[in-house]
Protein chains: 4
Amino acid sequence: MKFEMSFPDPLYGHIRVTHLERIIIDLPEFQRLKRIKQLGVASIVFSGAQHTRFEHCLGTMHISDLIYERIKADFDEEDHQKVRIAGLLHDVGHAPFSHTFELALKMMNLNIKFFHEENTKKICEKISLSKKKDEMSQFITGDLNSYFKTIGKIATGDKEGLSSKDKFLSSIISGEIDADRIDYLLRDSLHTGVHFIGFKLSLLLESISRNEERFELIIGKQGEYRAFHERMAIAIAEAFLISRYHHYEYIVNHPRNISANLIFVKAFENSLIRLKNKDPVLYDIELNRFFNECDDQDLINFIYKHGDQQAIDLINNYKNGMILKHIFDLKSFALLPKI
Amino acid sequence: MKFEMSFPDPLYGHIRVTHLERIIIDLPEFQRLKRIKQLGVASIVFSGAQHTRFEHCLGTMHISDLIYERIKADFDEEDHQKVRIAGLLHDVGHAPFSHTFELALKMMNLNIKFFHEENTKKICEKISLSKKKDEMSQFITGDLNSYFKTIGKIATGDKEGLSSKDKFLSSIISGEIDADRIDYLLRDSLHTGVHFIGFKLSLLLESISRNEERFELIIGKQGEYRAFHERMAIAIAEAFLISRYHHYEYIVNHPRNISANLIFVKAFENSLIRLKNKDPVLYDIELNRFFNECDDQDLINFIYKHGDQQAIDLINNYKNGMILKHIFDLKSFALLPKI
Amino acid sequence: MKFEMSFPDPLYGHIRVTHLERIIIDLPEFQRLKRIKQLGVASIVFSGAQHTRFEHCLGTMHISDLIYERIKADFDEEDHQKVRIAGLLHDVGHAPFSHTFELALKMMNLNIKFFHEENTKKICEKISLSKKKDEMSQFITGDLNSYFKTIGKIATGDKEGLSSKDKFLSSIISGEIDADRIDYLLRDSLHTGVHFIGFKLSLLLESISRNEERFELIIGKQGEYRAFHERMAIAIAEAFLISRYHHYEYIVNHPRNISANLIFVKAFENSLIRLKNKDPVLYDIELNRFFNECDDQDLINFIYKHGDQQAIDLINNYKNGMILKHIFDLKSFALLPKI
Amino acid sequence: MKFEMSFPDPLYGHIRVTHLERIIIDLPEFQRLKRIKQLGVASIVFSGAQHTRFEHCLGTMHISDLIYERIKADFDEEDHQKVRIAGLLHDVGHAPFSHTFELALKMMNLNIKFFHEENTKKICEKISLSKKKDEMSQFITGDLNSYFKTIGKIATGDKEGLSSKDKFLSSIISGEIDADRIDYLLRDSLHTGVHFIGFKLSLLLESISRNEERFELIIGKQGEYRAFHERMAIAIAEAFLISRYHHYEYIVNHPRNISANLIFVKAFENSLIRLKNKDPVLYDIELNRFFNECDDQDLINFIYKHGDQQAIDLINNYKNGMILKHIFDLKSFALLPKI
């Protein structure tokens, strides 16, 4: 890898990027992620949770790199670049307020499949058509379009049609224990100020090995690594999964976070329905824009423009940290499990 | 102090608040700070710098408390509450994009004194008139209005008319080495991902003593503290001041940060002038709102509404991370020294 | 509390001590702990594990203080001082290589009850007879001897004859989730360089409440603390217990650590038996000294002096990091569960 | 590099080692470093300062690697292995209580050049003759003896006769800003619990470039790295040097540390002179052993064996944390500047 520049990062110090990665980061499709908060409305409870998908995507690229370096074996420089870019783009299809947004669409029983994995794949393909396509082509062997099609699949864990090697790369970004989850557990913990991280990154990395098309947390060959035993790898895997469980229990499913989510779902649903009834053509255009151009503020502006007074009041209350009591007391509501 | 709840915090774990503090935090005047980034446009260079004045104000209250606890001596519970609230409110008068905003006003040669210290004092007084005034009065001896007037002075370092005790409290929040600066050096460093923090908080706190109306970094009485000597306190003071210098040199005066600031100054100035020419009455109203109600997004919306096409393009470029090259190369431009 | 000086600490910054605590720390009984490693032979596997019982005891005092401050309610300054001193002295009775040492005595089927809890109580009483007894008396109401008798019971969790208040203080130092365990989990993790700490100290402290004679991790009164719910306290308790389990699984029961322990047990047992056979009087004297005066190096010197050539070879091998292979492969041997 | 195992490390997570490095680490010459404290007697002031030369040497190897990776350019795998081993062995010649020991020899006006740099070179050569020499030879092209001779020179900054490439490698370990100093500043800070570290490792690494036979903190080619400017590299260099200055001012030259050092110098000098007078032959043998076989405890045992009662009392007092007052008040005594 020839690195060209680096981004300072609260978790990992500096994250280095290649020229090709820098081109992608500078595209509007990726810059948009700077304006979408990683945890959406959760900053109402955890005031430090202001971090964005942009930082998380850089971080996922970085962790993908660390896992890759540990088990590269028979891979080459192109595979290395591929897994990094897939990590970088794995969340590029998220709408503003991501899960809240998708929940609103679900509640409206819209028969659309506008969800972020699909959208990530679409945007990856779109990137191959951007005005920077010739510059990007210099760094890639083969067709740019099919390259980014593959990236989209690796990034979202859609293994259909992937080569055995690419399936393995995909398992680095999208598995049970993967670069995406490692980064968001660490990053959300740092910024919320609470954490339940019972595993240590360096220890987890030391216990990684490759098992054909997946990477694993167990050292295959007996005695290869003096300090490690199967038993230790089990402890690390346990610790990781329990950390994830507590992270959900405490942060994602925090009663006030859930209340804030419901407020947004209600207000956004109201605005969408009103626009749909008033101007179905514009409605279709706008809905599409959310997945491609909009950021968190655009969604708020949308509610101010199309919502009724009650919807506007909900958003104003949200902005002032006010959550309705009877929503606040709900305890068992569960969000979509994957963030 | 009887604490009622706490806020998780990335730097200090949890920050506890009393009932009176919670009332203040819940006011719209304070909630607004959740939507004003601490470092304004700097997130274009340091993508992690998404943290807000809200977190910084809680943090300043917390550090004020730690300094106070170290040297409380003949103070009482009311003084304790006072210095905490002054720390909490010390930045409540900041406009969105704070220093950028003030620079634009300065460049327009407006003969107004709309700057944040003055405004902080005004908002402190306004708080004493809020609809929660009766509830707040229960926690205060004496007149609420004059209480918050004093708070405003302590918070901004305006020592005129303050009692000797209050002057001392003010030195905790606003001096050469103070709670405000300690918190922003630590907090900006955490979030930008770069740091030049050559002092350790616990060590600095251990070396604090009181010298009449100021607190100091030198242990007065020989031998009072076995592990500390005058020489050590000098080392800590040196380390603090150099950290501050490097922080400015690296983060605040980063060439791309300065470029981004200039872009905003230009675009905002353009929008203000256009509005002033078109509708001087609305212009006055809006200008006033910036200091009282507006957040970062309101300022951006203002430019979109009142700026010419060039101003709008500048903001769009900013949102996509694009900084004009010839601005980027300026090296020696200096922002206002105090952030 | 009037603090007189402080000790720098890798975990908590600085740990402050009162004049009375400083007198105790300066006694030879306590200084001895500086020369007894917290994790005994484990430094053969975790080269950073050089930290001592001295630091752990200061740390336990510090955590006791934090828990106490959270729930002091109707306690007074004397109770505060008491729980701090009990935390400070809770491990003062450990022999060098603590658990290894006790295991050797057990294996010899010695019908003695020389174990560290009993010994801690004895040394606490001895402290009340030290040459500093008059100076200490100035800080205590009532009889010094019965004061330190009580301290010994609080420190070791021996609740027999304790007042209801003191039982509560004892639960802070010696329970399921206690100051002792919090400190050693954090401290061992820092120094070994591996960690499985899935709980955050500040969060754990926020969730503490008092339930008569025990402290608990559940907020009793509904709504007392806005950010906390019963569910959260459960998550924290779970996270703590699992951290403890993984800590044992990984650090204490690390195969090479267990091997090194067995080597010491064998060599020490051999030396003891040889001395017993040769000079039973000296044997009794020496055995007693181990609990009162000896440090890690004294135990090693004892083996060099009284062990046979095989015992000496084992220690020489240990010093050079050499562990016999067939011991190394044992996987399921379990040490005494409490360290 | 093909890594075989790793050591957990409090600062860097895990430090990986190759098979050749592991052979060296397992030699008694290197294992000895596990029993020599990095900061000698300083643990009397900073109770956490129990860390050893062993950990520091692994750490210096690790930092050498990070610097090397940043600027490897036209180097090959053999150079990589070379700079790592030189980092690993750079302190292998230290006597117990290192600087204290050397000061005692100096004060005796012994006309010997037994100092640690020279001794490091000697031990490096000795390693090439160890019983593992055939196994080591498999990993090295050319003669083992001249290989380790070169290692000794690279490790100690003795550039005489080194190739241009090797001179550069040497500047990584031994310059103004080097792997040795980076590691000990970070490591001593962690363990003492005080720090004055005003630079961030990742930032320092990002600003490194190569200037013929030295590495530098300035990015040569304009614009190569978007986020960095000459000005930033200057800030980092300033921050590093000031950190080093404060580290000395506070930790190394702490009055009580200096007092403890003088105590040891006195007691050791007394024991040496007494032995010299009594048995000059044994004296020569013992003196030689200190540099080759002895650890901290051996030096203490030496004083107990050969010192007069006053010397023994000094050591006993030291073990109990007692420092003579009149020594303690000395303020301006300076140790040898390099630790």
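Annotations for the structure displayed:
Per-residue answers, yes or no, for (1) surrounded by 18 or more Cβ atoms within 10 Å (Cβ to Cβ); (2) modelled with pLDDT under 95:
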position	(1), (2)
D:LEU186	yes, no
D:PHE196	yes, yes
D:LEU204	yes, yes
D:ILE218	no, yes
D:ALA227	yes, yes
D:GLU230	no, yes
D:ALA237	yes, yes
D:TYR250	yes, yes
D:PRO255	yes, yes
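- Some residue of the range D:46-56 being more than 14 Å from chain A (Cβ to nearest Cβ), open to solvent by 10 Å² or more (accessible area, probe 1.4 Å) and either closer than 22 Å to D:ILE323 by Cβ or not aromatic (Phe, Trp, Tyr) (or both): yes
- Scanning the range A:289-313 for residues being hydrophobic (A, V, I, L, M, F, W, C) and within 21 Å of B:ASP296 (Cβ to Cβ) gives a total of 6.
- Every condition in (1) surrounded by fewer than 24 Cβ atoms within 10 Å (Cβ to Cβ); (2) among the charged types (D, E, K, R); (3) more than 21 Å from B:GLU125 (Cα to Cα) is met by B:GLU78 except one, and the failing one is (3).
- Residue identified as surrounded by 24 or more Cβ atoms within 10 Å (Cβ to Cβ) and within 16 Å of A:ILE172 (Cβ to Cβ) among A:HIS62, A:HIS94: A:HIS62
- Unique match (being of a type in the set (A, V, I, L, M, F, W, C), within 11 Å of chain B (Cβ to nearest Cβ) and on the phi < 0 side of the Ramachandran plot) among C:VAL17, C:VAL83, C:VAL41: C:VAL17
- Helices (runs of 4 or more DSSP H) lying entirely in the range A:271-327 (those with 2 or more residues that are open to solvent by less than 40 Å² (accessible area, probe 1.4 Å) and without any contact (Cβ under 8 Å) to a residue 40 or more places away in the chain): A:280-292, A:296-306
- Leading residue by the ranking (surrounded by the most Cβ atoms within 10 Å (Cβ to Cβ)) among those in the range C:14-40 that are of a type in the set (Lys, Arg) and closer than 23 Å to B:GLU69 by Cβ: C:ARG16
- The one condition in (1) assigned to a helix (DSSP H, G or I); (2) over 22 Å from A:LEU287 (Cα atoms); (3) over 18 Å from the mean Cα position of the chain (by Cα) that A:LEU105 fails to fulfil: (2)
- Test for B:LEU11: is it within 22 Å of B:GLY193 (Cβ to Cβ), of a type outside the set (S, T, N, Q), touching a helix residue (DSSP H, G or I) at 6+ places or on another chain (Cβ under 7 Å) and buried (at least 24 other Cβ atoms within 10 Å of the Cβ): no
- Scanning the range D:133-150 for residues that are of a type in the set (D, E, K, R) and surrounded by 14 or more Cβ atoms within 10 Å (Cβ to Cβ) yields D:LYS133, D:LYS149.
- Meets criteria (free of Cβ contacts under 8 Å to residues at least 12 places away in the same chain, in a helix (DSSP H, G or I) and open to solvent by 70 Å² or more (accessible area, probe 1.4 Å)) for A:GLU69: yes
- A:LEU129 vs. criteria away from every other protein chain (no Cβ under 14 Å), open to solvent by less than 10 Å² (accessible area, probe 1.4 Å) and either aromatic (Phe, Trp, Tyr) or more than 30 Å from B:ARG187 (Cα to Cα) (or both): no
- Test: residue in the range B:174-182 that is touching a residue at least 12 places away in the same chain (Cβ under 8 Å), open to solvent by 10 Å² or more (accessible area, probe 1.4 Å), under 16 Å from B:TYR68 (Cα atoms) and basic (Lys, Arg): yes
- Verdict on B:THR100 being touching a residue at least 24 places away in the same chain (Cβ under 8 Å) and either assigned to a loop (DSSP other than H, G, I, E, B) or over 23 Å from the mean Cα position of the chain (by Cα) (or both): no
- Residue count, the range C:109-119 (criterion: modelled with pLDDT of 70 or more and surrounded by 15 or more Cβ atoms within 10 Å (Cβ to Cβ)): 5
The values are calculated or read from the model by the stated rules, or taken from the named source; none is laboratory data. Nothing here was measured: the structure is a model prediction, and the numbers come from that model. Neighbour counts run over all protein chains shown; Cβ positions are idealised from the backbone, glycine included. Side chains are part of the model used for accessible areas, which takes the heavy atoms of the whole protein and leaves out ligands, DNA and RNA. Shrake-Rupley method; radii C 1.70, N 1.55, O 1.52, S 1.80 Å.
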